1. Quick one: net charge around G360, please, counting Lys, Arg +1 and Asp, Glu -1 for every other residue with C-beta under 13 Å from its C-beta.
2. Tell me, what does the Kirkwood hydrodynamic radius of the stretch 37-172 come to in angstroms if you use every pair of distinct C-alpha atoms?
3. Please report the carbon-and-sulfur percent of the accessible area for the chain; probe 1.4 Å, protein heavy atoms only, DNA, RNA and ligands left out.
4. Plugging the Kirkwood radius over Cα pairs into Stokes-Einstein for the stretch 283-352, at a temperature of 10 °C and a viscosity of 1.306 mPa s, what D comes out in µm²/s?
5. Per residue, how much accessible area does the stretch 122-221 have with a 1.4 Å probe, in Å²?
6. Can you give me the long-range amide H partners of Q127? Hydrogens built in the peptide plane at 1.01 Å from N, cutoff under 5 Å, separation of 5 or more residues or another chain.
7. Please identify the chymotrypsin sites (Phe, Trp or Tyr not before Pro) of the stretch 130-163 that satisfy two criteria: DSSP loop assignment and at most 15 other Cβ atoms within 10 Å. Which are they?
8. Would you mind calculating the gained length between Y169 and K307 on full extension (0.36 nm times residue separation, minus the Cα-Cα distance), in nm to one decimal?
Amino acid sequence: MKEKIMNQLQNFSKGMFVPVLILPIAGIIIALGNILTNAKLAEVLPFLQNDLVFGLGKMLSGSLVSILTNLGIIFCVGLSVGLAKKKKAEAGFTSLLVFLVFINAMNIFLTLTEKLVPADALRGSGQTTVLGVQVLDMGVFLGIILGIVVSYVHNKYCEKEFNGAFQIYGGTRLVFIILIPVTVLLAVVFSFVWPFVQKFINSTGTFIQNAGNLGIFVYGTLERLLIPTGLHHLVYTPFLYSSLGGVAEIGGQVLEGSRNIYFAEMADPTIAKLSASVIWDARGLSKMFGLIGACLAMYHTALPKNKTKIKAILIPAAVTSILAGVTEPIEFSFMFAAPILFVLHAFLSGAGMVVLNILGIRAIGPNGFIDFLLYNVPLGIEKTGWPMFILIGLGQFVLYYLIFRAVITKYNLKTPGREEEGETKLYTKKDYKEKKEAEKLSEELASVIVKGLGGADNIVKVDNCYTRLRLIVKDSSLVDTALLKEETQANGVIIKGDNVQVVYGLRVNGVRKSVDEYLGIEAN
């Protein structure tokens, strides 16, 4: 039972990547809009004073904010597509129809039961308008719930066909037919149930807010500790997109969630300083600074004969972490060889967020340095305090380095480069260059991956998230971890029952495509 629940949670986490990974793009475009409309920057760059350039900037920042007020439908469609095993396009279309049915069914039921509040009294009533329809304010949770329901029914009945006159009602049409009464029933049920759920969510959010720095520390620590399971997305997503991460009224609209709030504040020039809720997305501090100190400590504690080799894998891993915020290549280098370092890393990451909160730093730092500069510099120092973020980061870099170096040497931990013989495969600079150039893996390498997974007959399902190849296998004992690490350059392999995750970093899409082609799996 525990294994089954874990698999379901991992599948859900994977499915969340479809909507979650597209939303930061909105933030980057909003940041670009801010650059084009920045008055101080226009004094230095005269072309920004052009009306067309200014108008373009206003359109970019203003239009993208609309995404933040419609997260329900975005998550509904995105999650249903992410969780659908087959016919993903049809699943997304069905989820759109279901979402429309739900909000209108709820509106009609609330009208019939005389539970709708006046349109001018929505604030604080627990109700809102979604796509112009007044319903209970379920926020992003509405999209998540409907996305799960749609994907479940879709996966169960999307290939069910009938004969004769009823043939037209088979397949995905049957899915929608089944979902109509289910959706209407859900609308009725949630009309009664959701107010209690909302009270619980609000009380939880209040508790976390009242917990202050302790709550932030636990949040930051857990977000890192769950990296090995792939479930860390389930920690930060509710804070970024629901009332757990704060509630604020900006430009006449009430927004919930840390990321929604600061995206809107970025586009609003009347706001002098970002709100405190931005702290829930300050997860990039350890990505840009702390782990780089860990890399330097591992390099300095490596055996002299291995220093040239270890440099070849630590430098690109550090650059990826600094610029893009992808940390798994570094974390997996010591996660299993020295678990105590990973625990220390999680604690230090949480503590860094606490320091930012204590000093009132409002800089936006969810990922790497590229996003950090785009988000913060155009907003100015007063609005974000971004130079202090960097100063704290440099302090964290030093702290990571000193602690990691002391612990590694004191306990003689076998971090990369400290093994006498080839327990950990280290690649040369030539190996790394060839790896980066081979974005599309060859058929020969794909065959090695399949072999490492126990052969084609052992593979039940192939999927991927942002950095990991996620698979379900028949017999996990057949998985050759050493082969996958040494011959396919995997950063790590995690096995939980029949669920296997192989970490490839940013090249995982190429890996997935190559393996699919080798196995003869058609793209969904």
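1. +2
2. Here the Kirkwood hydrodynamic radius works out to 18.0 Å.
3. Answer for the chain: carbon and sulfur cover 64 percent of the accessible area.
4. Here the translational diffusion coefficient equals 131 µm²/s.
5. 54 Å²
6. Placed amide hydrogens put D137 under 5 Å from Q127.
7. Filter output for the stretch 130-163: F162.
8. Contour length minus the Cα-Cα distance gives 43.1 nm.
The values are calculated or read from the model by the stated rules, or taken from the named source; none is laboratory data. Source: prediction; values computed, not measured. Using ideal geometry, Cβ is built from the backbone for each residue, glycine included, and neighbour counts are taken over all protein chains shown. Surface areas here come from the heavy atoms of the whole protein model, side chains and all, with no ligands, DNA or RNA. Shrake-Rupley method; radii C 1.70, N 1.55, O 1.52, S 1.80 Å.
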